[in-house]
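Heads up: the structure comes next, in structure tokens.
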Amino acid sequence: MTTTPEPSPDAASSGDGSGRSSWAARPVGDEDRLEVRAAVRQAVSVSVATGLYGVSFGALAVVAGLNLAQTMVLSLLLFSGGSQFALIGVVASGGTSAAAITTAGLLGLRNTLYGAQLSPLLALHGWRRVLAAHLTIDESTAVATAQKSRAAFRAGFWWTGIGIFVVWNLLTLIGALAGDAMGDPKAWGLDAAAGAAFLALVWPRLASRVMQLTAALAVVVAVVLLPFVPPGVPVLAAGAVAIVVGQVARQPRQPVTVTEYVPDGAASAPQDRAGEASPGSPDPGDPDEPGGPGDLPAATDRPEEP
């Protein structure tokens, strides 16, 4: 769960370049109601699609060694899909509790950045603020920020966050009960399902070249360290690689200065792009100008013979 910062008093009218500066002053009309309905439909579809992963988490948590109560408490309080799968992955591989918690915490730091983006637009206080912080996840942030009005923004956030929370935890309970009845997870191929489920969550985010490079470097580092370090440490090292690549990718590039080549002898008569002589330069066709034809001896002039 993340903690969202205090909203600025002028946050609703400050604008962020996306057309949201007029949200606070714009009255709610028919167009806004249509956008709210569209946001709710999108939120419901995302909630169902994402919540289905709860079955996998519940079953994997039980076969990793957690009992039913521990599985449900972890899902209800942590409520961050990637962090949950990472935690039980470390536990299932024999990693320490410290490594599991650190791995889940590093992955959950992204929600803090989401909270900083959402807080000024939600402008909540008291228990609603705490609840919104708990529901700030990838999907609720994505649906909310895709909307065009403030009413649709809020509807998208709340419907997505609450919808996923309900569906995820309900199916986590079902998965945990099923995991108890399955017995040996290797007989069902569930020993590798945690990694597959985590990959399914991460795969849609590997759209840019930077993200693909980051994932490739993280995999290489994790695989190289796997035989030499305790379980859980390769995941932390891979996370450190991602942080380093992200910082390097954000560094502004230095502007490239292009120096135009000027042939020898051309510097005395600079010209603009139209091919005309620049102001202040001598005109070679003017006989009165220094350096003009008047200063040159004529081709037919000969010195007088004595």
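The values are calculated or read from the model by the stated rules, or taken from the named source; none is laboratory data. No experiment lies behind these values; they were computed from the predicted model shown. For neighbour counting, all protein chains shown are included, and Cβ atoms are generated from backbone atoms with ideal geometry for every residue, glycine included. Note: accessible area is taken over every heavy atom of the protein model, side chains too, but ligands, DNA and RNA are not part of it. Shrake-Rupley method; radii C 1.70, N 1.55, O 1.52, S 1.80 Å.
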Would you mind finding the one in G95, G89 that is assigned to a loop (DSSP other than H, G, I, E, B) and touching a residue at least 40 places away in the same chain (Cβ under 8 Å)? G95
Against the definition (more than 18 Å from the chain's Cα centre (by Cα) and at pLDDT below 90), how does S83 come out, yes or no? no
Among the residues of the stretch 74-114, which ones are in contact with a Pro (Cβ under 8 Å, 6 or more places away or on another chain), more than 13 Å from A64 (Cβ to Cβ) and open to solvent by less than 70 Å² (accessible area, probe 1.4 Å)? A99
Report whether or not A39 is modelled with pLDDT of 80 or more, out of contact with any Ser or Thr (no Cβ under 7 Å at 6 or more places or on another chain) and surrounded by fewer than 21 Cβ atoms within 10 Å (Cβ to Cβ). no
Every residue in the stretch 148-169 that is polar (S, T, N, Q) and surrounded by fewer than 22 Cβ atoms within 10 Å (Cβ to Cβ), please. N169
Subset tally (residues that are at pLDDT below 85 and among the aliphatic types (A, V, I, L, M)) for the stretch 20-36: 3
Is there a residue being under 20 Å from V44 (Cα atoms), basic (K, R), open to solvent by 10 Å² or more (accessible area, probe 1.4 Å) and modelled with pLDDT of 85 or more anywhere in the stretch 122-145? no
Considering every residue within the stretch 156-163, establish whether at least one is of a type outside the set (F, W, Y), assigned to a loop (DSSP other than H, G, I, E, B) and under 20 Å from the mean Cα position of the chain (by Cα). no
